[in-house]
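Report on one structure; see the data block that follows.
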Amino acid sequence: MVEQLLVEALKNRQQSAFAALVTDFQHMVFNTALGIIHNREEAEDVAQEVFIQVYESINQFKGDSKLSTWLYRITITKALDWQRRKQRKKRFAVVTSLFGINNEVLIDPPDFIHPGVTMENKERSAILFKAIDKLPENQKVAFLLIKIEDQTYQEVADIMGASVGAVESYMHRARQNLRKMLEDFYTNEQ
Amino acid sequence: MKTDDKLKQDIEATLNSLDKVSRAEAPPYFYTRLLSRMERKRVSALSRVLQLLSRPVVGISVLVLFLVLNVVAIRGIMSAPKAQGQASDAQSFATEYNLNTTSVYSN
């Protein structure tokens with residue numbers, strides 16, 4: 001009921017409703033974007049884009065799902081788009097540097113340490129995030145939503161527009177793939 | 001080389017390293033920065049429209065279109081009374097020769 005009122009107020013372009021929306025969901029949107037993008041400044045940019053998109057297309061929100069589900073969907077789509085663009089740029093930079101067109105120095109980003117990770121898990125979580133980055137998108141999204149956003153399988157299914165069974169399958173394969181990548185990492189560590 | 005047990009321990013510990021993660025918070029003044037970005041976006045959209053209109057090709061095209069519409073409107077106004085006149089001529093002709101009846105059998 002409260003959510004319905006909020007949506008109605010947003011559709012009527014009430015500034016106070018937009019402020020309430022941002023206050024309620026900014027951390028959720030930022031944290032989800034950060035899990036995919038691994039960079040605070042870029043995650044903030046994406047989070048801003050998400051709220052601008054919500055402001056511009058609130059009339060398309062039919063209320064079939066929860067507002068948070070819709071926000072998760074927009075955030076994930078935008079974050080994955082951002083990541084794809086970044087990877088394209090990186091590949092392009094590598095190619096141009098091979099031909100000597102681009103003299104820019106390619107710097108690998110430092111290991112990502114999620115700010116919410118406990119002190120004793122910082123190092124391990126950085127290794128895990130590197131492996132998560134290599135997962136196929138569906139597996140990555142399911143794993144991150146369950147692990148860092150503490151969502152249930154049903155909620156993740158709603159967000160991804162898939163069945164609970166499909167999400168269970170994504171999680172199972174994600175764990176399998178991560179185990180394999182971590183095994184390679186720790187075997188070659190020494 | 002690591003032993004199998006140590007390797008398994010490392011893998012499981014790493015896989016579970018996000019289990020107690022807390023949610024990262026958006027930076028302070030997020031809403032203020034968001035509003036200023038929206039304002040910048042609005043201003044830049046407006047300036048893009050103005051920039052487009054200030055281009056000679058677009059400006060001249062808009063002017064020509066305006067003139068053509070005016071000419072069409074003026075011609076329409078000028079020809080309207082004539083059409084009305086023609087219609088009334090036809091009406092008087094029909095009345096004169098009793099052609100107003102709907103059936104040839106009616107009187």
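The values are calculated or read from the model by the stated rules, or taken from the named source; none is laboratory data. These numbers were taken from a predicted model, which means no experiment stands behind them. Here the Cβ is made from the backbone with ideal geometry for all residues, glycine too, and neighbour counts use every protein chain on show. Accessible surface is based on the protein model in full, side chains and every heavy atom, while ligands, DNA and RNA are left aside. Shrake-Rupley method; radii C 1.70, N 1.55, O 1.52, S 1.80 Å.
Taking the stated definitions as given, is A:Glu42 in a helix (DSSP H, G or I), farther than 30 Å from A:Ala126 by Cα and not small (Gly, Ala, Ser)? Criteria not met by A:Glu42. The helices (runs of 4 or more DSSP H) found entirely in region A:131-190 that carry 3 or more residues being farther than 27 Å from A:Phe30 by Cβ are A:164-187. The residue list A:Glu183, A:Glu149 contains one member that is in contact (Cβ under 8 Å) with a residue 40 or more places away in the chain, within 14 Å of chain B (Cβ to nearest Cβ), in contact with a helix residue (DSSP H, G or I) (Cβ under 7 Å, 6 or more places away or on another chain) and surrounded by 14 or more Cβ atoms within 10 Å (Cβ to Cβ), which is A:Glu149.
Residues checked against (1) surrounded by fewer than 15 Cβ atoms within 10 Å (Cβ to Cβ); (2) in contact with a helix residue (DSSP H, G or I) (Cβ under 8 Å, 6 or more places away or on another chain); (3) within 14 Å of chain B (Cβ to nearest Cβ); (4) under 16 Å from B:Arg23 (Cβ atoms):
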residue	(1), (2), (3), (4)
A:Gln4	yes, no, no, no
A:Gln15	yes, no, yes, no
A:Ala19	yes, yes, yes, no
A:Thr32	no, yes, yes, yes
A:Arg40	no, yes, yes, yes
A:Val54	no, yes, yes, no
A:Phe61	no, yes, no, no
A:Tyr72	no, yes, yes, yes
A:Thr77	yes, no, no, no
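Yes or no: A:Ile52 modelled with pLDDT under 95 and closer than 24 Å to B:Pro28 by Cβ? In short, no.
Is it true that some residue in region B:6-29 is open to solvent by less than 100 Å² (accessible area, probe 1.4 Å), of a type in the set (Phe, Trp, Tyr), within 34 Å of the chain's Cα centre (by Cα) and within 14 Å of another protein chain (Cβ to nearest Cβ)? No, because not a single residue in region B:6-29 is open to solvent by less than 100 Å² (accessible area, probe 1.4 Å), of a type in the set (Phe, Trp, Tyr), within 34 Å of the chain's Cα centre (by Cα) and within 14 Å of another protein chain (Cβ to nearest Cβ).
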